[in-house]
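Peer 1: Below is a structure I'd like to ask you about.
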Amino acid sequence: MLGQRLHHLSVLALSSVLMLASSAHAQEWTRFRGPNGTGISTATTVPVECTDATRNWKTDLPGTGHSSPVLWGDRIFVTSAEESAGKRYLLCIRSSDGRVLWKHTYDFSKYPRHQFNSSASSTAAVDKDHVYITWCSPDGLTVYALTHDGKDVWSRDLGKWAGQHGGGCSPVVVDDLVVMRSDSDDMGPESFITGLDAKTGAVRWKTPRASKTASYSTPIVYQPKGGAAQLIFTSNGNGITSIDPKTGSVNWEVGGLFQQRCVSGPVLVNGLLFGTAGDGGGRRQAVAIRPGAKGVNGGGEIAYQITRVAPYVPTPIVLGDRMYLWGDSGIVSCVKADNGEIVWSERVGGTYFGSPICVNGKIYALSAKGELVVLEAGDQFKILGRSDLGEAAHTTPAVAGGAMFVRTESHLISFGGKK
């Protein structure tokens, strides 16, 4: 009964997200974590294990990378890098058979980064016309737009950037804009968020941000009842911020929330906005606020906070009145979305840098060693499947056309769907 209720609620949530999309195209996965960053798919043909019997194909990728795949129609877009050769790549792969349709090459110079990061960690975004990617180094942060056939359309140099962990921020498409954050550590260049014209790359707006500790979280769109759409960002320097996507102006902001770095994306939790922060030393923090305050620090109310089971890198999953927190160290917790009360908290093992996604009431997450773990969403902890993919992975799966697409460091794998 609970499973049926959660499935019904997830369908309603996905329908609401798709109404916010800039296109009515049926494709599900056009940005990091799919529809509006929720990580939710209603596909019914994805099995709980990736085996020889369920796998459709496995395609080699040049070098390595931690970016996740995105899809439009029958085309998958994913990035990779060969540091020794000084080459980065954008690849277009056909979803039906894994064939590489084209590959675009970019030269770059190796630069310092965290040992768990890569030189191809930013996930692309795609709309009906273009695929958008970002390449980052201390020399500059650049956004590129290409057609689905691999033809260059425009590029925009956003200037210098500085972060001790290396690059990893991902663009999102909101209506006719490509929104990108350039978030530097303190003592680095000015931090900002910018909205670029999706057709031309022209800067429509640029909003300054505090340069404190570089944040990597990917924004979501929040649609208040009876109000205009808002872009929601989390960061160490600014807390939780609502930005008007048309003008870049700050609608409201609740600062002073996070003492550590924001990597996981914000999520909408039963009318609340939820964000997390953490660091390599094990400190964790998560805050849920009531949105809608007017002005900077203008009355935003903290609903509840979580510390013990909060994730640092993985973004939570919300299904109805439950939220699932997949911790970096392999502890997964189910909490009540309205107050943060823990329903269950169990260890599944492994280390996680990718985020979980939910497919038809089942939660999938990929460990750093390349094990795909599947749990049942509900008030009882239950492991449904484990699959060893045989290679390290720091990525988040994508789902489209009834199949799942999983990127390990040097391969892209498709499984499930109708045969």
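The values are calculated or read from the model by the stated rules, or taken from the named source; none is laboratory data. This is a predicted model, so every value here is computed, not measured. Don't worry about glycine lacking a Cβ; one is built from the backbone with ideal geometry, like all the others, and counts go over all protein chains shown.
Peer 1: Can you name the residue in the stretch 209-263 that is of a type in the set (K, R) and part of a loop (DSSP other than H, G, I, E, B) and, of all such residues, is modelled with the lowest pLDDT? Steps first, please.
Peer 2: So in the stretch 209-263, the residues of a type in the set (K, R) come out as 209, 212, 225, 246, 261.
When the remaining residues are screened for being part of a loop (DSSP other than H, G, I, E, B), the result is 212, 225, 246.
Numbers: K212: 78, K225: 85, K246: 95.
Restricting to residues being of a type in the set (K, R) and part of a loop (DSSP other than H, G, I, E, B), the top hit is K212.
Peer 1: Let me ask another. Does D127 meet the test of being touching a strand residue (DSSP E or B) at 6+ places or on another chain (Cβ under 7 Å) and modelled with pLDDT of 95 or more? Please lay out each step first, then the result.
Peer 2: On the way: touching a strand residue (DSSP E or B) at 6+ places or on another chain (Cβ under 7 Å): yes; modelled with pLDDT of 95 or more: yes.
So D127 fits the description; yes.
Peer 1: Still on this structure, I have one more. Would you tally the residues in the stretch 178-229 being over 16 Å from G37 (Cβ atoms) and of a type in the set (A, V, I, L, M, F, W, C)? Don't jump to the end; show me each part of the working.
Peer 2: Step one: list which residues in the stretch 178-229 are over 16 Å from G37 (Cβ atoms), which gives 182-192, 194-214, 224-228.
Keeping just the survivors that are of a type in the set (A, V, I, L, M, F, W, C) gives 187, 192, 196, 198, 202-203, 205, 210, 214, 228.
Number satisfying all stated conditions: 10.
Peer 1: Continuing with this model, one more query. Out of everything in the stretch 332-348 that is in a strand (DSSP E or B) and within 16 Å of V374 (Cβ to Cβ), what residue ends up being nearest to the chain's Cα centre (by Cα)?
Peer 2: V332
Peer 1: Next question, about the same structure. Can you list residue pairs whose Cβ atoms sit under 6 Å apart, with the first residue in the stretch 142-165 being of a type in the set (K, R) and surrounded by fewer than 19 Cβ atoms within 10 Å (Cβ to Cβ) and the second being at pLDDT below 95 and not in a strand (DSSP E or B)? Count only pairs 6 or more apart in sequence or on different chains.
Peer 2: Here the result reads K160/P189, each pair linking the stretch 142-165 to a residue that is at pLDDT below 95 and not in a strand (DSSP E or B).
Peer 1: Then there is this: Does S118 count as among the small types (G, A, S), in contact with a Gly (Cβ under 9 Å, 6 or more places away or on another chain) and modelled with pLDDT under 95?
Peer 2: Values: among the small types (G, A, S): yes; in contact with a Gly (Cβ under 9 Å, 6 or more places away or on another chain): yes; modelled with pLDDT under 95: yes.
It is true that S118 is among the small types (G, A, S), in contact with a Gly (Cβ under 9 Å, 6 or more places away or on another chain) and modelled with pLDDT under 95.
Peer 1: If you go through the stretch 350-391, how many residues are of a type in the set (D, E) and in contact with a Phe, Trp or Tyr (Cβ under 9 Å, 6 or more places away or on another chain)? First the steps, then the outcome.
Peer 2: Step one: filter the stretch 350-391 for residues of a type in the set (D, E), giving 371, 376, 379, 388, 391.
Checking which are in contact with a Phe, Trp or Tyr (Cβ under 9 Å, 6 or more places away or on another chain) leaves us with 379.
So the answer is 1.
Peer 1: Next question, about the same structure. Could you count how many residues in the stretch 264-314 are within 19 Å of the chain's Cα centre (by Cα), modelled with pLDDT of 90 or more and not in a strand (DSSP E or B)?
Peer 2: Selection size over the stretch 264-314: 8.
Peer 1: Report, ordered by the first and then the second residue, all pairs with beta carbons closer than 8 Å, sequence separation of six or more or different chains, a first member in the stretch 209-225 that is under 18 Å from T30 (Cβ atoms) and surrounded by fewer than 17 Cβ atoms within 10 Å (Cβ to Cβ), and a second member that is at pLDDT 85 or above and polar (S, T, N, Q).
Peer 2: Q223/Q230
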